[in-house]
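Reading through the structure tokens given below for one structure.
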Amino acid sequence: MNKKSYGTGAGGITVFMVLAVLILAVFAVLTMSSAMMDMRLSEKNADMAQLYYGLDSKATKMLAAAEKCWFSGITDSGEIAAALYKIDPEAEIAVGPDTHAGICYISVTIPAGEGRLFAVEAYVKAVEGSPAWTIEKWTFSPASFSEEQIDTGLPVYVIQ
Amino acid sequence: MGAGSKSRTLLLELLLTVFIFSVCMVICASLLLAASKTASDSRWLSEAVFAAQTVAESFKAHRGDIANWQRPQAVGETSVFYYDSLYFSRPDIGDANNSPVSVYLYTADGVAMADIMVLKPGSDQVYVLSVARLASEVLP
């Protein structure tokens, strides 16, 4: 007489348990990975906002320094540029005073790391005895691509 | 005797299975909880950046005039704003669901500065943004 085996009782439960744990572990890891990627993106956006407003503040301080020089009677471009270099020694600064027109032109390019640049072009003149700025350029942009980096495989334009 | 031995073996295996399953579930649950907290922190940071940028652009657009800002709670050197999840200012004081945005105004070297701090309620997390405007253009 043949005895029948118990079949797949305990073994089946074990297999089910392994499968369930495996699936849940994969979901948990995926969830954690997704949350961490979201956090990294949020941190990047936060850092970028701080970088932009930091550069904006630096450029504003440079305009304030130029304004102070100009309206205190300093018209030498070298002296005005020196006052601006104190704020950021690594910036590219060009000053164009025009004493006849009573206008002082300022061009500032502040490096922002990783090839990014913050560029400002403006001029100030006295209007009813008070300084009035006209901003011609106030941009935050990546550095221009070099010719070697441009991929010409597709018929698209690269705006620089 | 053979049947009893098999039953004991089966019981032992079941107990071991349940134990291992429980340990794995605890680990998975802790991972999910950590993911939930990370997602919550990420969401707060994104909202804090939006709120800080809103205040920063308001400062620049309104030429530093506090009276034209979005209903601050205190006027003077330090103004406190409350924002809800839609970034509309809420005049409610002490609302735990809002992120208080503190703005500290001062002038230095011809520049009007606004230090903006967004605080996370019930936590010591803070997001800080500083914005400047020419003092000559700031309304008295």
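Since every read-out is calculated from the coordinates, none of them should be taken as a lab result. In this text the structure is predicted, and so the values were computed from the model without any measurement. Note that we place each Cβ from the backbone using ideal geometry, even for glycine, and neighbour counts take in every protein chain shown.
Averaged across the residues of B:10-17, what count of C-beta atoms belonging to other chains lies within 10 Å of each residue's C-beta?
Rounded to a whole number, the mean comes out at 3.
Per residue of A:130-141, how many C-beta atoms from partner chains lie within 10 Å of its own C-beta, taken as a mean?
So the per-residue partner count for this stretch is 1.
Mind ordering A:86-98, A:50-62, A:15-27 by average Cβ neighbours within 10 Å, highest first?
A:50-62, A:86-98, A:15-27
Hey, got the dipole for chain A? About the Cα centre, +1 on K and R Cβ, -1 on D and E Cβ, debye to the nearest 20?
1280 debye
How many angstrom separate the Cα center of segment B:14-66 from the Cα center of segment A:59-74?
The distance from the Cα centre of segment B:14-66 to that of segment A:59-74 comes to 44 Å.
Return the subset of A:Lys44/A:Lys125; A:Lys137/B:Lys37; B:Lys37/B:Lys60; A:Lys86/A:Lys125; A:Lys68/B:Lys120; A:Lys137/B:Lys120 for which the Cα-Cα distance in this structure is over 31 Å, preserving the input order.
Flagged as over cut-off: A:Lys44/A:Lys125; A:Lys137/B:Lys37; B:Lys37/B:Lys60; A:Lys68/B:Lys120; A:Lys137/B:Lys120.
Per residue, how big is the convex hull around the C-alpha atoms of chain A? Give it to me in cubic angstrom, could you?
Convex hull volume per residue, Cα atoms: 227 Å³.
Can you pull the mean other chain C-beta count within 10 Å for peptide B:111-120?
2
Restricting to DSSP H runs of at least four residues, report the calculated mean residue ellipticity at 222 nm for chain A, -39500 (n - 2.57) per run over all residues, nearest 500 deg cm²/dmol.
-16500 deg cm²/dmol
So how do A:102-108, B:124-130, A:136-142 stack up, highest first, on mean other-Cβ count within 10 Å?
Ranked from most to least packed, the peptides come out as A:102-108, B:124-130, A:136-142.
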